[in-house]
Every structure is written in structure tokens, then in C-alpha cells.
């Protein structure tokens with residue numbers, strides 16, 4: 001019974017999110033920009049200085065905030081929670097790799113942030129509908145779930 005309640009919640013959220021994502025160009029833009037914005041958000045939070053005791057354990061605020069974020073996704077759907085966990089791990093690994101390559105993560109993240117948000121708004125201008133998060137900030141988290149559902153369906157995996 002509990003899974004059915006949560007499944008209905010994810011269906012309702014995805015349906016509402018999908019209402020402002022019908023245009024093919026907007027969907028394509030979101031297919032690129034949503035995961036990029038997820039990445040850049042984690043990267044920017046990663047860069048916030050942490051107390052020395054956390055830094056000594058290689059823990060960032062991104063690691064700390066990942067816990068309630070992933071909990072949210074698992075409450076919506078186990079497969080989406082698992083997919084978002086994999087995505088989050090990939091983001092963490094890529095940020096570490098950038099540091100090891102000497103790439104300025106802050107500069108890269110700021111440019112990516114601005115470019116991807118401009119793209120998102122261009123997509124919504126083309127769509128002729130406002131972004132869902134203007135109505136409810138929760139849709140900032142629903143966007144990546146929506147992106148994953150697209151791939152889970154292609155892989156014939158129930159969400």
C-alpha cells in the first residue's frame with residue numbers, strides 16, 4: 001500500500017512537470033540542461049568551505065545534502081532513487097577527476113550554470129509555458145527524476 005501511494009505521487013509530479021515539457025525542442029534542451037544543472041548544483045555546493053573536521057574526512061556539504069536529496073528520490077520511487085544515487089556518485093567522481101586534472105571547478109561550474117539556465121528558459125520560451133518550479137520549488141528535484149524516467153522507460157524498467 002505504501003509503494004502505491006508513493007507511486008501515485010511520482011506519477012502526479014511527473015504528469016504535472018510534463019505539462020510544461022511537450023515541445024520536442026524544449027524536451028531536447030531539458031535532456032541536456034537538467035542533468036547539467038544537477039551536476040553544477042552539486043559542484044557549487046561541493047565548493048562551499050566545510051569545517052576542518054569534515055574536510056579531514058573528505059566530506060563536503062554536497063555529500064551531506066546528498067543524503068536528504070536521495071531520501072526524497074527513494075520515497076518517490078526505488079528505481080528513481082537508485083538511478084539518482086548512481087548519477088550523484090558519477091557527479092562526485094567527475095568533480096574529483098576535474099580537481100585531479102587541475103581544472104578550475106568554480107569557473108567551469110559558473111559558466112555551465114549560466115549557460116544551462118539560459119537554455120532552460122529558451123526552451124520554455126519556445127514551449128510557451130513557464131517552468132514548473134515557478135509554481136512549486138519541488139519541481140527543481142522532479143526535473144532529474146523526469147529525465148531518468150525517460151531512460152528507465154526506454155530500458156523497459158518500471159519506475
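Just so you know, all these numbers are worked out from the coordinates, no wet-lab data involved. For clarity, every value in this text was computed on a predicted model and none was experimentally measured. We place every Cβ from the backbone using ideal geometry, glycine too, and count neighbours over all the protein chains shown.
Taking every alpha-carbon pair under 8 Å whose residues sit at least 6 apart, the chain reaches a relative contact order of 39 percent. Estimated from helices alone, the mean residue ellipticity of the chain at 222 nm is -26000 deg cm²/dmol (sum of -39500 (n - 2.57) over DSSP H runs with n ≥ 4, per residue). Just checking the listed ones, 100, 120, 22: in the Gaussian network model of the chain with Cα springs under 10 Å, the one fluctuating most is 100. Exposure proxy ranking for 148, 39, 117, based on other Cβ atoms within 10 angstrom of each Cβ and starting from the fewest, stands as 117, 39, 148. What angle do you read, to the nearest 10 degrees and between 0 and 90, between the alpha-carbon axis of helix 24-46 and the longest principal axis of the chain? Around 30 degrees separate the two axes. For helix 2-19, what angle does its Cα long axis make with the longest principal axis of the chain, in degrees from 0 to 90 and rounded to 10? Here the helix axis deviates by roughly 80 degrees.
Counting every other Cβ atom within 10 Å of each residue's Cβ, 111, 45 order from fewest to most as 111, 45. Length available on full extension from residue 133 to residue 15: 0.36 nm per residue minus the Cα-Cα distance, which gives 41.1 nm.
Applying 0.36 nm per residue to the separation of residue 61 and residue 121 and subtracting their alpha-carbon distance, the gain on full extension is 18.8 nm. This ranking places 98, 89 by how few other beta-carbon atoms lie within 10 Å of each, fewest first, which gives 89, 98. Over the chain, the hull volume per residue, using the convex hull of the C-alpha atoms, is 125 Å³.
Using a simple spin-label model with pseudo-atoms 7 Å out from Cα toward Cβ, residue 85 and residue 45 lie 1.7 nm apart.
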